[in-house]
1. Which ³J(HN,Hα) values in Hz, rounded to whole numbers, follow from the phi angles of region C:56-66 under the Karplus curve 6.51 cos²θ - 1.76 cosθ + 1.60, where θ = phi - 60° and Gly and Pro get x?
2. Could you give the angle, 0 to 90 degrees to the nearest 10, between helix A:406-420's Cα long axis and the longest principal axis of the Cα atoms of chain A?
3. List nothing, just return the count: lysine pairs in region C:149-234, 8 or more apart or interchain, with Cα separation under 18 Å.
4. Mind checking the full-extension length gain between C:E157 and C:K95? Use 0.36 nm per residue of separation minus the Cα-Cα distance, one decimal, nm.
5. Give me the dipole magnitude in Debye, nearest 20, for the protein assembly as shown about the Cα centre, with unit charges on the beta carbon: positive for Lys and Arg, negative for Asp and Glu.
6. Under the rule of at least 5 residues apart or a separate chain, name every residue whose amide H is placed under 5 Å from the amide H of C:V234.
7. Given an 8 Å cut-off on Cα distances and at least 6 residues of separation, report the relative contact order of chain B as a percent.
8. Taking +1 at the Cβ of each Lys and Arg and -1 at the Cβ of each Asp and Glu, which of A:T217, A:G330, A:I305 sits farthest along the dipole of chain A towards its positive end, judged by Cα position relative to the Cα centre?
Amino acid sequence: MSNDHATLGAAYLADEPRVDWHNKAVFNFRHLRDKVIHANMPEWEEMRSQASAIKQHTLEHLDDYLLQFEAKAKENGVTVHWASTAEEHNQIVYSLIQKAKATRVVKSKSMLTEECQLNPYLEARGVEIIDTDLGERIVQMLDQPPSHIVAPAIHLKKEEISDLFNKELGTEKNNADPTYLTRAARKHLREKFVSAQVGITGGNFLVADSGAVVVVTNEGNADLGCHIPPIQIHCVGIEKMIPRWQDLGLFVRMLAPSAMGLLITVYTSHYMKPKAGGEMHIVLVDNGRSDQLGSVHHRNSLKCIRCSACFNTCPVFRRTGGFSYHTVIGGPIGSILMPNKDINEYKDLPFASSLCGSCSDVCPVKIDIHNQLYKWRQEINAKTTASTSKKIMMSFASKALASNQGMSRINRLIRPMLKSLPRFMIYNRLNAWGKGREMPPVPIETFDQWYKNNRS
Amino acid sequence: MSRDKILQNIKMNNQGFNKTAYPVYHPIHRVQPSEYVETYGQFVKANRAKFIIVDHPDDIPGKVQDCFPNAKNVYSSLNGNLVPIDHDKIQEIDLAIIQGSYGVANNGATWVRDKDLFDRSIPFLCQYLTIVISADHLYADLYEAYQKIDPDDQSYGVFISGPSKTGDIEQALVIGAHGPLELLVVVVK
Amino acid sequence: MRVGLFIPCYVNLFYPNVGIATLELLEKYGCQVEYPQGQTCCGQPIANSGYESKAKDTYLHFVNTFQKYDYIVAPSGSCTYHVKKHYDIIDQDEKVKRVRSQTYDLTDFLLEIVKVDIADASFPHKVSLHQSCHGLRGLRTASGSERLVTPYNKWEELLSNVKGLQLVQTAIKDECCGFGGTFSIEEPELSVKMGKDKIKDSINSEAEYITSGDMSCLMHLDGVIRRNQYPIKVIHIAEILNSRI
């Protein structure tokens, strides 16, 4: 694979100052997370257990809760649509837009619509779709995908955004003041909000007992998009379900701290019924989720609330950037979700980890991400055409290491090589270890030999 | 039909897995009723909003005006008096003064519901926002607030905890993204 | 108490002094230590590469080699974690279960089983602790920065009793060093960068040494240090605990 994580990551790493900058920027979210949780939520670990248990229960009863949700939403005057696939999701949304004879659509941040590739689908059919989250709008103007599920433009420097806005919005050249740029976007997007005929959002939670869709933002863009245009559409993955309105007390409390170290987002919006004279639609999307439920090792990845805490703590994500995962949802959680969708396309992702386990410990719903990465590695080698040379090497190693003479044989193989070969023969392009590191020093004797000489 | 297909697939793939009961949990309420106003105020301010306490509803207009001396076009709809306004005029509002129905002491968020708004877009399109809340409508935390809020009794509701903001440009905190540039929270004793 | 000493393969080959220090420490605290000949490896490199099914024979070899001991002690959190966590794919007979439960990392063993307080070690240097991930989050040798539990740190507990040793704190407390087994050669640029950042954080905290319970992390860091001639050295925790002036 030429576009695998190792290759893309290495390319990103070539610009070390940018890597350091990105690392620091992303880790800041982790730092703020620690701060807000320590200061305000001493019972955090109990909350994690609770949230995880509620999600587990919900997944086990997901069909029942979806039906309960649907019944309640219908009673509330909401139209509920079901989409098995991304394609079907896009068709449903497009048909609603067509029916409304709409030409301009505003959309707040939604990883689900990114997953379904809604924008290109609508654009190809002549619909103007505008992402209204500032970060998403920036990457949309650049024709890039988001590089981070919560902070889509975290990979961009303000000077780059300044150049972009100069070109697209006519802002002053070289004025990279974030407030100035944000105000320009505010003006630009307010024009779009008041002239759009349809507003689309994602959803952070679906509440089964009340038929509510809950969306959190800091900018207020989801609400502007839902309240001004006559038609609002909420596109949500079926795993976003929670059983009861009361559960929001727990989940809303955990989401913003995990995501960006905020106590709570500025807006936590609860949409139950259409506004007066308006239409409200909810598209429930499966797109592989119900298949993932059947996987013993990976079903609990569906507990994910897309907070991005695992991205922010991940030493790999921070240093290789979002695009190195060559998928919409990357990072640790993406690395265990994506192989379920296409095991060949994403077989590199479970290996893009040192298995440090930090992701599992920050996860607010206790997904054992690093264990699942390990399990995926096993499944990938069993199910895909992995490198045969690696397979042969591992077979050889496993034979050697299962015998009493294994270590002395390996020693006899390695030792003369490291001891007497000239440097250029040890440090060649085949030696990945030697790319940025010296080989370990070769001692006078191995521990084995020392023990024989001194103790037995 | 996709609906049946999805539901069937869930049922099938859930076979063989335990069905655990809905877990019972007992949230810990750390803020005492006597501290609600003070704690709520601290968090409102920490959320970059302004905060004042008035003793009598009659004091509201004057106090609010003091906070936003430059606001010309003021729209106010308090105590269920939903003053009608043309849709195109909403974006011309400088300052909107609206009713909040529940306040959360331990994070400074305030619940604003559909039935207290002539139009849902008012708290988002105005340039400056003031939310008025009665001191006896404050609760310890989200758990308590959600218990008080009856979802069947609202068609839309939002917790607002500050002025709109973004950190999307190099994580620099900018107050005033798409929604209001400033928020004032007024507690009526 | 009969202790079977498990010396990880790379320690055996490259770092015999770490093995010697471990052996001497255990003996000093009254353990009857044996180093069973014929031991090889815990099998982790094979399993982490995604071939755990091929590692089964190695697992069985480990179990058979060490079954006769009361405890199995290794100067490695990572290998210990692998035995405890991932040997679940072989038949769990009594022998296997016992070996898995009786395998300890040195730090844990000294504190929890031997219950030592290292009083006679002396290491008059500024040292930063690298909390190896498998020790930290696998064996829970320390509380870690992610979770909100009562803070504890068994490595620091042992090191705090070493005379003259000054433990310095890095800016980021428990970041991975980037070794990650085969990860280090599958994503070498990234692995080396993680190592560099770890080392720089230690140098900025004025440490003269980086210590850890895992020599594998230190082997990787040492490789980066020597390539770049950074002014810092690595030393395994067993060598510090066994050191005298």
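1. Result, ordered by residue: 4, 5, 5, 4, 5, 4, 4, 4, 5, 5, 10 Hz.
2. 80
3. 10
4. Values: separation 62, 0.36 × 62 = 22.32 nm, distance 3.25 nm.
Answer, rounded to one decimal: 19.1 nm.
5. Details: 99 positive and 100 negative charges, 498 e Å.
So the magnitude is around 2380 debye.
6. Placed amide hydrogens put C:I210 under 5 Å from C:V234.
7. 26
8. A:G330
Bear in mind that the values in this text are calculations on the coordinates, not laboratory data. Predicted model only: the values in this text are computed from it and were never measured. Glycine gets a Cβ as well: all are built from the backbone with ideal geometry, and neighbour counts include every protein chain shown.
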